[in-house]
Each structure stands twice: as structure tokens, then as C-alpha cells.
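The block underneath contains the structure these notes are about, expressed in C-alpha cells.
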Amino acid sequence: MTAGTHEQPASVAPPGAAVDAGTGPAPRRRRRVPEWLVAWGVGALVWALGVIPQWRGDFFYYVGDQHEQFAPLWHLFGQQLRAGQWPAMDPAGWVGGNYAAEALTGIWNPVVLLNSLLVSTFDNLSLAAFVVMVEFLGVLAMGVFLLARGYGAARWPAAVVATALPVAGFTLWYEASGWPAGLMAFTWVTHFWWSAHRLTRGRLSPVVPFLFGFLAVTTGNPYGPLGLAVVVAALGIDLLVRRQWGRLAHLAVVGVCVGTVALLVFLPLLGATPVSSREQLADVVNDTFLVPDLGDLAAASSPSYLPSITNWNGALLESVPSTYLAWFVLPLLPWLRWDRLRRRARMLVSVFVVLGWYLLATLGPSNLWLFRWPVRLVEYLWLPVAVLVAVVLTAGLATDGVRRRAVLSGAVVVGGAYLAWAAQPAGLGGVHLAGVLLVGVFTALAVLAGRRRGLPALGAVVVLGTAAVLTFQTSVFPARPEGSPPPVLPAYDLAEAAEGMSAYEGTVLQLAALADVTTEQMRGGEILFGNLPRAAGASTVTSYSGIGFREFTAELCMDYRGAVCPEAVDRVWQPAGPGYDVPLVDAMEVSTLVVQRSLRPDVVEAGPPPGWRVALETPARVVWVREEPLADDGRVSWASPGTDVLADSATAQREEVRYRAEDAGRLLFTRLAWPGYTATVDGRPTTVVDGPVGLLAVEVPAGEHTLVVEYRAPGLRAGALAAGAAALVVLVQSAVWWWGRRRRRPTRP
């Protein structure tokens, strides 16, 4: 063991664990299964558990942002990567096309890019999302297992919490279902904690936690960097308590280097802020939206508990068990040997620090600076709880005071059931009864197995109970009031959606609202929102954006998914703006208009304006296309009077225009004027202008010249240099660490 280390190696069971567990004398020494293989086995077990929600409902992993943003975008990214294109900026994506500024797209994360290549081979996006999300649930389980082992838990206790946490409430029902960037960030933060903890024990090179930190930051989810900061602070406090100054220095260097990577991800986002719809983000308020309370945490082991949390559409009650942890944690508390925790308290300082911070943050206000909706922090709170449970459970179950402990355990089970019933008593009586019976039976079986057969039997029962509870929850939730209409299910078959858009030509502008859209219309490609149309092959203005482009979206009253208000139908035919004598529909070079009948039935009834024809009519929409298609390969849509465009060629981030102008004037582009555009005429800089509705315009001098327009995301170069420098520093640090470790290694006589 390395000098100065006071903890048992993760691959060796803590002394006395077998005796504490009540298994009798230690068996004869035999060859142990390698730790890495056990970790992979835990991951494979969770991969199998992850199939249960998909089996209970085909669209479990295809909810909300998953089908509106991520899965279609992964498919698009995979296609672009296979074509040799880097997805940093795509003007054809309009509001959602500034992928570098969106941050959450994960374009700097190698695992995201590899999964994008995988997803691009699927036509069924629901199935693709299932594969990727279950992949991460298994990787998360491996991280939880290794983390618990690192703090001294035996294999079986570490395995039971590692199989339970990935299928816990918020992680499964929110992150895996609809917020995949959050799941990815949580997964890599867990692995970072494990590897950084081993670094502070002198057992792992700094390059490993740096790599996991890089993966966490480049998911683009802000809760990843927050988690990394909390972990580094907690481990730093632990090292201060133990006066390990050298290791503290190593940890600090890794923490600073990982934090530097954030510049690569978030500087482009900050650069886009002046035109973004989310310019005002930092605030401290409490509007009670997605704010859990102590009662929600106290019912963490009741599988039928649905919190009273304000959420979407003004709902005051949850329809899924978002704050659920694991069915066995609270019922088994009376049976745990808490003296083990007291004996190991010195080695668990960092766990207590992480636990304390996230407990305060989870119960905090709805908006705290850049972070909002505290329910998102529940999974980070449950992680240290799971580690502590695994450490205490390693000593086995107590053997004294059986009747008293049984009564307390039963009270916990019944109390959790009461809290579940009290939160939502109407219409869920049978569900609450089934939940309490399930937890009660498996708690009794777990106690009997643990007392008679030790930790392996206890672990087997707990894992079986986790599978049973997961099947139960995914069979009865989401909870919906009686008589409520069935939910609208999203499109998932790209081939079917593409067939419904076969009449589209060129750039497509869909003018539709979410109201009255049916499952059949979505799946048939008649009305689609978010990034789904682009994944199905349509070059549509409709896209998903987490940041927006304020001027453009305000003009079309367009929301973050591409839905518009009725007034947008009139606005597209009006002049683009003062000084631009061109209708907005022409300034955007739209070739196809899709008008939802229910949005503006009067316009649909009147028919298309001159120059347009009806290409397709269905009960849900009409499709108008230009009688003379726009054949230009470039993105110049308008030129000042007396200015002629002679040639125009464009790529995503560069456009070259040869023109002839009688007088100085302007050229208008079908590009949004994101910060970062520059222009030169024959190599000399010229002025870039924020044109009508946020379109890019460039001032050009008289004569025949060549204009070059280029885009570079603000701060991207500085961020890339900073990230590269951080990687170099960590490589040098790792060499120093290895050299120091080699010096301290005792030489053989």
C-alpha cells in the first residue's frame, strides 16, 4: 500500500466483513473474480433492467426533449460526420443551427459523437434512443459500483446500490426518458468522483479523472461542471483534514484543468447571449417550479409516491415517481450496523460533504443563479446516500433486537405508503396498496436472506426486488386522471415521416401550433416540430433551440420547438423590414409553406398567393410550393437595387459571393446574424449588419468584387487553446505523479 494511505484497496474486502455478515468462519482462500469484470457484470445487469421500461412501453426512452431535440439531432450529426462535415454551425438549422452555442449538443464529446454515428444507422429513433440511454444506465451503474468500493463497501452491497440508482426516480423518469444530456453528465461525474478519489489515495494517475471530467463538461449540461466542482471541493476538504498536501496539489491541478475545458463548451454560448432569447438567466427566485421538499425525500423508498411538485402546464402533482430512490434503503435502516459508519467516519468526510451540499441545494429555491429546478439535483443527492448505505451494509445485518427492528422496519414501510396515499389519494388506492405489499414482502425476504445466508443472498433478493419494483412502476405510471385523453405520441419512424413530406421542395417553413396535432399526423410526417423534420430529410426552418434567436423568434412568435402563432401566417407575406423591399418569405428563400388548417382556416380557404401552387392537401394541412423553384446554391436572398449577384457558393461556415454593384449597397443572406460573422471584400474587412428579423446583411462597395463571409463561434478558438493547454498540463502532471510514485516504491533487496 502506498505510504500515507489508510484505506483498504477496492479489490480487497474489508477485514471482518464476513464475520459481521454472520456467515461464520471465512472460507478457504480462492481466486477472486477481477474487479473490472465484476463492474462490467453490474453494468450488464442494469442493461438488462433497462429493457423492462422499454418492454412495458415502446416510448419510455423517447419523451419530451429526447424526440424533439436529441435523438433527431444525433441522427443528423451522424449523417454529417459520415459525410465529412463537422457539426458546429449549420445555417439551414436556423434558430437551432448554432450547435456550438447550444452547448447541450455535445459536439465536443467523443462518446456523443460515436453514439451519433450509431444512431444515424437507425430509422426507428425510439429504438435508437433506447439503445443509447440503456447504454448510459449501465455505465452509470459501473461508476456507482466502483465509487462505493472505493470507500470500502464490499462487492455485494456496492452492487445492490449500483443496480438501484440508475433506475431511481429522477434518473430514470426524467433524465433517461427525456433529458439525456443530464444523464450523461451525471454518469461522467460519478466516474470522475471515483477516479479523483483514487487519485487522492495515490492509486490512479491524474489523466484518468481529467478524462472523465472532460466527458462530463463536454456534455454541455451545466449540472456536470457543478457536480465536478462539488466533488473536487469535498475531496479537497478530506485532504485538508488528513494533511495530505502533495495529493491536494495534484487534485487542485486536475480540478483547474477540468474547469478550463468548460471554456471550450460555454464561451460560444456566452458569445451568443446578446441575441439569445435566454439573455436573462442569472437570478435567485423561488416560483416553486420543480422544487421538492423534505416530505418528498422522506418517501424515497415508497415506489408509488408521486410528489406534490409544481410542474408543466400548471400541474401541482407529479405523474411519475421523480424523487424515488430505492425500495430497500429506508426499510433496512433499522437492521444496519451503524457502528461501522462511525468507525469509518474519517475516511468518509468527502461523502458527507457532497451529501450535505446537495441536501441544501435540493431544498433550495427554484432558481439559484444559472441553475434552476432543484429536483434535478435529487440524483446527485442520492449518490452519496447510496455510497453510505453500501458502506454500512458491508457489515451485514444486525442479529440482536429482532422484534424491535422488525417493528421499526414495518413502520417505515407503512409510513412510506401513507405518505404516498396522502400526496395523491384519489384514484391510486390500488397502486398504493400494491406498492406497500411489494416493499413489505421483499423487505422481509431480504432480512431473512441476509440473516441466514449473508450478503450474497441479501444482494440477490434486493436486486430481484429492484427488478420487481421497476416492473411495477413502469406498468402503472405515468399516472393520468380518469377520462383524460390519450397522450399524443411522437413520430419515430423516419421513413414513414419522410414519406409524408415527399411533396416538400427546398427550404420549408411550417406554420403550425401544437394544438389539435394528433399522433397520426405526427407519425405520418404531416405536422412535425423540433428537429424531427430535419432528421427525416426536410430542410425546414422548424428546429429545436435551447437558446433561441430573440429577434427572429419574436417576429414569427415561434417557440423553442418551432410552433408559431396565427399572426405568423400574415407576417411572412409582409416586407422583411425597412429598406428591404422583399417579403419575408422571399428573404428567407422559402420554397415550401406548410399551413396547419386549424391555425388559419381562412388563409387555407383563400388558397395560395400568386407564384405559389397547391402541392398537397390533407385534413390537417395544406402544402404550397413555388411555381418557379429557387435553384441558387448560395444563401444570398436579396440585393440592393443596382446590385447583381454573379456567383454564389456556400458552405455551413463560409460563403463566397461575386457581385457587380452600381453603387454601394447591401446583400441579405438566409443566415441568422449570430455573433461571430465577419466579411471581407477582396480581402478588406467590410461591415456585417443585423438585418431584418435577425437575418445577416453585409454592406458592399460599388464595382465588381468578391465578398467572403465567414463564421467563427466567439470564444471557440480561445476555448480550444485553453482545453489543449489543460490536457498538456495534465500529461506533464501525470508524468510527475508517476515519477514520484516510482520513487516512493520500496526497492527489493
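The values are calculated or read from the model by the stated rules, or taken from the named source; none is laboratory data. Note that this is a predicted model, so its numbers are computed, not measured. So basically every Cβ, Gly included, is an ideal-geometry build from the backbone, and we count neighbours across all protein chains shown.
What are the residues in the stretch 642-664 that are surrounded by fewer than 17 Cβ atoms within 10 Å (Cβ to Cβ) and under 17 Å from Thr678 (Cα atoms), if any? Steps first, answer last, please.
Filtering the stretch 642-664 down to residues surrounded by fewer than 17 Cβ atoms within 10 Å (Cβ to Cβ) leaves 642, 644, 646-647, 649, 651, 654, 656, 658, 660, 662-664.
Ser649, Thr651, Arg654, Glu656, Arg658, listed by residue number.
What tally of residues in the stretch 48-94 results from selecting those that are part of a helix (DSSP H, G or I) and of a type in the set (Phe, Trp, Tyr)?
Going through the stretch 48-94 one residue at a time, the tally reaches 5.
Screening Ala249 on (1) modelled with pLDDT of 95 or more; (2) loosely packed, with under 15 Cβ neighbours inside 10 Å; (3) farther than 30 Å from Ser350 by Cα shows it passes everything except condition (3). Taking Trp156, is it assigned to a helix (DSSP H, G or I) and touching a Phe, Trp or Tyr at 6+ places or on another chain (Cβ under 9 Å)? Spelling it out, it is not the case that Trp156 is assigned to a helix (DSSP H, G or I) and touching a Phe, Trp or Tyr at 6+ places or on another chain (Cβ under 9 Å).
When you check Thr687 against the structure, is it closer than 26 Å to Pro274 by Cα and out of contact with any His (no Cβ under 6 Å at 6 or more places or on another chain), yes or no? Walk me through how you get there before you give the answer.
Values: closer than 26 Å to Pro274 by Cα: yes; out of contact with any His (no Cβ under 6 Å at 6 or more places or on another chain): yes.
When the stated conditions are applied, Thr687 passes them.
Residue pairs whose Cβ atoms lie under 6 Å apart, separated by 6 or more positions or on different chains, with the first residue in the stretch 711-736 and among the charged types (D, E, K, R) and the second at pLDDT 95 or above, are Arg712/Gly676. Right, Leu240: farther than 30 Å from Arg56 by Cβ, surrounded by fewer than 24 Cβ atoms within 10 Å (Cβ to Cβ), free of Cβ contacts under 8 Å to residues at least 12 places away in the same chain and touching a Ser or Thr at 6+ places or on another chain (Cβ under 8 Å) or not? Spelling it out, it is not the case that Leu240 is farther than 30 Å from Arg56 by Cβ, surrounded by fewer than 24 Cβ atoms within 10 Å (Cβ to Cβ), free of Cβ contacts under 8 Å to residues at least 12 places away in the same chain and touching a Ser or Thr at 6+ places or on another chain (Cβ under 8 Å). Within the option set Val572, Val681, Val636, being of a type in the set (A, V, I, L, M), out of contact with any strand residue (DSSP E or B) (no Cβ under 6 Å at 6 or more places or on another chain) and modelled with pLDDT of 95 or more holds for one residue only, Val572.
Considering the stretch 582-617, and only residues there that are closer than 23 Å to Val517 by Cβ and of a type in the set (Ser, Thr, Tyr), the residue that is surrounded by the most Cβ atoms within 10 Å (Cβ to Cβ) turns out to be Thr592. Among the residues of the stretch 682-701, those identified as closer than 12 Å to Leu667 by Cα and either in a loop (DSSP other than H, G, I, E, B) or among the hydrophobic types (A, V, I, L, M, F, W, C) (or both) are Thr687, Val688, Val689, Gly691, Leu695, Leu696, Ala697, Val698, Val700, Pro701.
Filtered by the rule that a residue be out of contact with any Gly (no Cβ under 8 Å at 6 or more places or on another chain), surrounded by fewer than 22 Cβ atoms within 10 Å (Cβ to Cβ) and closer than 20 Å to Val63 by Cβ, the stretch 487-513 gives Pro487, Val488, Leu489, Asp493. The criterion of at least 2 residues that are surrounded by 19 or more Cβ atoms within 10 Å (Cβ to Cβ) is met, among helices (runs of 4 or more DSSP H) falling completely within the stretch 333-430, by 349-362, 378-393, 402-423. Contact map, the stretch 679-707: first residue aromatic (Phe, Trp, Tyr), second residue surrounded by fewer than 22 Cβ atoms within 10 Å (Cβ to Cβ), Cβ cut-off under 7 Å, separation 6 or more or different chains; the map is empty. So, in the stretch 286-332, of the ones that are within 24 Å of the chain's Cα centre (by Cα) and assigned to a helix (DSSP H, G or I), which residue ends up surrounded by the most Cβ atoms within 10 Å (Cβ to Cβ)? Applying the filter and picking the extreme gives Asp296. If the condition is being of a type outside the set (A, V, I, L, M, F, W, C) and either in the same structural domain as Gly691 (by TED's automatic domain parsing) or within 23 Å of the chain's Cα centre (by Cα) (or both), then the stretch 266-285 contributes Pro268, Gly271, Thr273, Ser276, Ser277, Arg278, Glu279, Gln280, Asp283. A single member of Val217, Val208 is within 26 Å of Val253 (Cβ to Cβ), without any contact (Cβ under 8 Å) to a residue 24 or more places away in the chain and of a type outside the set (Ser, Thr, Tyr), and it is Val208. Listed by position, the helices (runs of 4 or more DSSP H) inside the stretch 540-651 whose residues that are within 27 Å of Pro490 (Cβ to Cβ) number at least 1 are 550-555, 567-571, 601-606. Of all the residues in the stretch 573-594, those that are closer than 18 Å to Arg671 by Cβ and among the β-branched types (Val, Ile, Thr) number 3.
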